[in-house]
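Written below as structure tokens is the structure these notes are about.
Derivation of every value follows stated rules applied to the coordinates shown; laboratory data play no part. Just so it is clear, the structure is predicted and the values come from calculations on it, not from any experiment. When we count neighbours, we look across all protein chains shown, and the Cβ atoms used for this are built from the backbone with ideal geometry, even at glycine.
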Amino acid sequence: MFEARIHVTLKKSVLDPQGDTVRSGLASLGFQGVSDCRIGKFMVLRLDERDMARAKAQVDEMCRKLLANPVIEDYVFQITEAAE
Amino acid sequence: MKWGVLIFPGTWSHQDFAHVFQDVLKVDWDYIWHKETSVAGYDCLFLPGGFAHGDYLRCGAIARFSPVMDAVIRFAREGGPVMGSCNGFQILCEAGLLPGALLRNTSLQYRCRWVHIRTERCDTPFTRAARPGQVLKIPISHGEGRYFAPPETLARLRRNGQIVFRYSTPDGQITDAANPNGALENIAGVCNEGRNVLGLMPHPERASEALLGSEDGRLLFESVLTAALRR
């Protein structure tokens, strides 16, 4: 059993008005040192899979086919062993 | 000629299309539920606006996997005319039938108002009845309509003449002020390379009677009626 933790964010080349708004919110709170803020999605999947390499390949395919849109988004994920 | 109006769970503009087809244009039409696996017998397909499958994950991302979409993709690949407006445009992009993607409006606000769009291309089944450069007054109603495509895709769209509509002023000027959502190059609608699939954010079905403030949207449907479709 594995757990996959997936982050999906807008590509650097894509304007993220939500991130910009949060950054200016932080600035008005006094947090002046934030030069950039990007908002994304965080997903946690539990996988009934015993082989790490296969789990990685599966999650990568899931990201490419559904969880992220390659036109606008990038994704990264970590996979760890999870308790049965 | 028979037209099909697709309904996904969460679609909400289908009755507006139905009203225009039934009462204004008096064409033969029917609804197509998303569980259908065939679109045989239809000559033109319309994907209305709404929030198909709740727009969970991304707008249109789940609708792409509805059973009917395989049939829609086959229909489109064979040259059948397909039009998606608003959420329908988002679904067509997610399904890979149209290039690019639609992102959150730059304003972060839902925009529901009249806009003007300039017809850039009249060589699609949906714009054949328009004059080149004709400005249409049609409403928008969306929170995620900012058209985006990577630079190389955008260059290809320009080269192939796939940019069909741009947001403009009433007299056809392409300005930042006329752009309601931050779309790249004021893009309001694009077609595929085969020119038979059109997606646009504005709602032509809500501007097909003078009583509603504009009849300009009807021109897209009348184009289909007058088009000599190679089917």
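Here are the numbers for the structure shown:
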read-out	value
Full-extension gain in nm, A:Arg46 to A:Arg64, via 0.36 nm per residue minus C-alpha separation	4.7 nm
Cα centroid separation, region B:203-219 to region B:1-78 (Å)	20
Fraction in percent of alpha-carbon pairs per bin - 10 Å, chain A	17, 37, 25, 17, 4
Distance in nm between pseudo-label sites at A:Ala57 and A:Ile39 (7 Å out along the Cβ direction from Cα)	3.8
Label point distance in nm, A:Asp20-B:Leu25, each placed 7 Å from Cα along Cα→Cβ	3.8
Cβ charges +1 (Lys, Arg) and -1 (Asp, Glu), total dipole of region A:2-81, debye	100
Estimated dipole of chain B in Debye, rounded to 20 [Cβ of Lys and Arg +1, of Asp and Glu -1, Cα centre]	440
Counted charge near B:Glu152, where neighbours are those whose Cβ lies closer than 15 Å (Asp, Glu -1; Lys, Arg +1)	+2
All-pairs alpha carbon distance profile, region B:150-231, 10 Å steps from 0, percent	16, 41, 35, 9, 0
Check: region A:41-84 dipole with +1 on Lys, Arg Cβ and -1 on Asp, Glu Cβ, in debye	120
Under-5 Å amide H pairs with B:Glu215, H placed in peptide plane, nonlocal only	none
³J(HN,Hα) computed for each position of region B:155-165 - Karplus, 6.51 cos²θ - 1.76 cosθ + 1.60, integer Hz, glycine/proline x	4, 5, 4, 5, 4, 8, x, 8, 7, 9, 10
FRET efficiency estimate (nearest 0.05) - Cβ-Cβ, B:Arg113 to B:Asp171, R0 22 angstrom	0.75
GNM result for chain B, Cα springs below 10 Å: residue of B:Cys44, B:Cys112, B:Cys191 fluctuating most strongly	B:Cys112
Top of B:Leu200, B:Leu102, B:Leu157 by mean-square fluctuation, Gaussian network on chain B, Cα under 10 Å	B:Leu157
Peptide A:63-73 - average C-beta neighbours from other chains (10 Å radius)	4
B:Glu185 paired with A:Met1, simple spin-label distance in nm, labels 7 Å along Cα-to-beta-carbon	5.2
Ascending count of other beta-carbon atoms within 10 Å, so fewest first, for B:Thr226, B:Thr119	B:Thr226, B:Thr119
Sequence-distant residues sharing a close amide H with B:Trp29 (under 5 Å, placed H)	B:Trp3
Those trypsin sites (Lys or Arg not before Pro) in region B:1-66 that DSSP places in a loop and that have at most 14 other beta carbons within 10 Å	B:Lys26, B:Lys35
Chymotrypsin sites (Phe, Trp or Tyr not before Pro) restricted to DSSP loop in region B:62-112 with at most 16 other C-beta within 10 Å	B:Tyr110
Note, ³J(HN,Hα) from phi for region A:45-57, Karplus 6.51, -1.76, 1.60, rounded to Hz, x at Gly and Pro	10, 9, 10, 7, 9, 9, 10, 4, 5, 5, 4, 4, 4
Viscosity 0.890 mPa s, 25 °C: Kirkwood-radius Stokes-Einstein D of region B:2-226 over Cα pairs, µm²/s	145
Backbone HN-Hα couplings from phi across region B:128-145 [Karplus 6.51/-1.76/1.60, Hz, Gly and Pro as x]	4, 7, 8, 8, x, x, 4, 9, 10, 9, 9, x, 10, 7, 7, x, 10, x
5 angstrom amide H check on B:Val115, placed H, neighbours 5+ away	B:Ile138, B:Ile140
Listed residues B:Asn160, B:Asn196, B:Asn87, most fluctuating in chain B (Gaussian network, C-alpha, under 10 Å)	B:Asn160
Selection from B:Val68, B:Leu220, B:Gly133 lying farthest towards where the dipole of chain B points positive, charges on Cβ	B:Gly133
Bins of 20 Å, starting at 0 and running to the largest distance - Cα pair percent for the protein assembly as shown	31, 54, 15, 0
